[in-house]
2 protein chains.
Amino acid sequence: MRSTAKRTRSPRGSGELLAEEIIEAASELLVEHGDDAAVSIRAVASRVGVTPPSIYLHFGDKDELLDAVCARYFEQLDGELAAAAAGVDDPLERALQQGLAYVRFAIATPALYRIAFRQHAPGPSKVDQVLSASAFTRISATVTELAGEGFYPESDVGEVVLELWAAAHGVASLMLAKPDLAWGDDLRLAETLLRAVCLGRTALGMLGVDTEPDEVRAWLRDQRHAGR
Amino acid sequence: MRSTAKRTRSPRGSGELLAEEIIEAASELLVEHGDDAAVSIRAVASRVGVTPPSIYLHFGDKDELLDAVCARYFEQLDGELAAAAAGVDDPLERALQQGLAYVRFAIATPALYRIAFRQHAPGPSKVDQVLSASAFTRISATVTELAGEGFYPESDVGEVVLELWAAAHGVASLMLAKPDLAWGDDLRLAETLLRAVCLGRTALGMLGVDTEPDEVRAWLRDQRHAGR
DNA sequence: GCTGTTAACTTAACGTCGATAACTCACCGA
DNA sequence: TCGGTGAGTTATCGACGTTAAGTTAACAGC
């Protein structure tokens, strides 16, 4: 917890300048220590060069600060998703790349990702706004494109997006929580999972199989007995 | 934080009796308040009817207590998975039911599930032991059975189990973190996702399509242009 | 240039938290 | 009966989030 020299008082209109500095200091602490326990109001204040109560001039409480930190974090995600999708024409491949980019983004800074998915006070948070306006919208666009080409004929686009998100989040979250499992050293497992989510129903549908349990089971049984 | 009457001192050999009471008190606090902030050493001690330092006679620190709480929690999961699998002969259907049971279990007590997947100090935790010895083993058995029937011909069983777990955890975790999304009021979305994970690769494999991006894309293009 | 206002920040403090050290006391074997 | 020890207490520490009240510097108006 390095103690910075005293700041000179900010000029009159620039209260939000310090707010930005506070968010950045909190982010840095989070990334450097990899542990949200390292982010105390006092530590953040000390790093910015200010006393703890000053934080409360810019954020209602600690949760609000962390919410702002996560909002800024997910703004970066939007850029990453855009970069991952750039130049990828096929929407299927694009969905996959965006999913992988999401996982990479999450595991790159575990502390930030973890904190973004903690319980937060009810009511609309900045994180949710940023997420729905950027990443969620971006993936929705890709899935909509896929749906337009005939994938998921009987499913709502929103459902597919949620499934994709849940899969990507599941891999990322579980990798962070249980890093000792046999994940391999690349994202092959994530890739396989995401591909299954994108294509599973499509493949079954193209085989003329509905997703009712009995039908699937019967079809598989037939395949197993007939094939090979 | 109800303050219980003073306990009478326990007889000589029964140190572990209090340990059990402590775990249960902590679990109750967690479930009742739905918030891990409600579980303080002081609150737990007060509910048991004991002073705070007594907790440390039975648990090294707070994390160790919470680890024990989660371990006991996941012991129940093993029973739930067993119940969900009971009487389901088809391994495919069984995998699905176990996955759904996992999701139901998680969202039934959000506070407990959340706390179990927080960051914890490195080294083997009780939670991990319980998980790998019960739920993980149980799902592995089902997947092994599926693999024995010819599903996942080119995949390791461990990989498939991880994918299944990641998918179930992803849905559960995201439902808990973002309950305002359009999840519907049943677990249909989870079911679809789990089915895709169980069957996605199988279906593609049976179509004679490898999981390489180019191959899948080409195959889908052909299907789209040829079919309908 | 002086002055009043107010935004930006500080000082001091409260209550709660996790954790530790040092103590008390009942029980039990010898 | 008497030391030992397991079970639990009292007292206390430093750090935490947060608030109330005070201080100071930048600007607006004259």
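Only the coordinates and a few stated rules stand behind these numbers; no lab work does. Worth saying up front: this structure is predicted, and the values here are computed from it rather than measured. Ideal geometry is used to build each Cβ from the backbone, glycine not excepted, and the neighbour counts take in all protein chains shown.
What to note about this one:
- Placing unit charges on the Cβ atoms only, positive for Lys and Arg and negative for Asp and Glu, gives the range A:101-151 a dipole magnitude near 320 debye about its Cα centre.
- For the range A:58-130, a/c is not less than 1.5, where a ≥ b ≥ c are the root eigenvalues of the C-alpha gyration tensor, and a/b tops b/c. That puts it in the prolate class.
- Ascending list, in nanometres, of distances separating the A:Arg42 label from those of the other copies (7 Å, Cα toward Cβ): 1.7
- Placing dummy labels 7 Å off each Cα toward the beta-carbon, the span from A:Asp156 to B:Arg104 is 2.3 nm.
- Across the identical copies, the label point of B:Gly148 (7 Å from Cα in the Cβ direction) is separated from its matches by 4.9 nm, in order from shortest.
- Distance from the Cα centroid of the range A:21-49 to that of the range B:92-112 is 37 Å (rounded to whole angstrom).
- 5 angstrom amide H check on A:Glu149, placed H, neighbours 5+ away: none
- Estimated FRET transfer efficiency (A:Thr144, B:Glu75; beta-carbon r; R0 41 Å; 0.05): 0.40
- Pairwise FRET efficiency - A:His33 versus B:Ala19, Cβ, R0 = 41 Å, nearest 0.05: 0.80
- Scanning chain B for the beta carbon that comes closest to the axis linking it by rotation to A yields B:Gly170, 1, distance in whole angstrom.
- Sorted shortest first, the separations between the A:Gly123 label point and its copies elsewhere in the assembly read 4.1 nm; each point sits 7 Å from Cα along the Cα-to-Cβ line.
- Estimated from the Cβ-Cβ distance and a Förster radius of 41 angstrom, the FRET efficiency linking A:Arg188 and B:Ser54 is about 0.25.
- In this rough spin-label picture, where each label sits 7 Å from Cα along the Cβ direction, the A:Asp61-A:Arg42 distance is 2.0 nm.
- Loop-located GluC sites (Glu not before Pro) in the range A:95-189 (DSSP state not H, G, I, E or B) with no more than 16 neighbouring Cβ atoms inside 10 Å: A:Glu149, A:Glu154.
- Magnitude of the charge dipole for the range A:127-207, about its Cα centre and with charges confined to Cβ atoms of Lys, Arg (+1) and Asp, Glu (-1), is about 100 debye.
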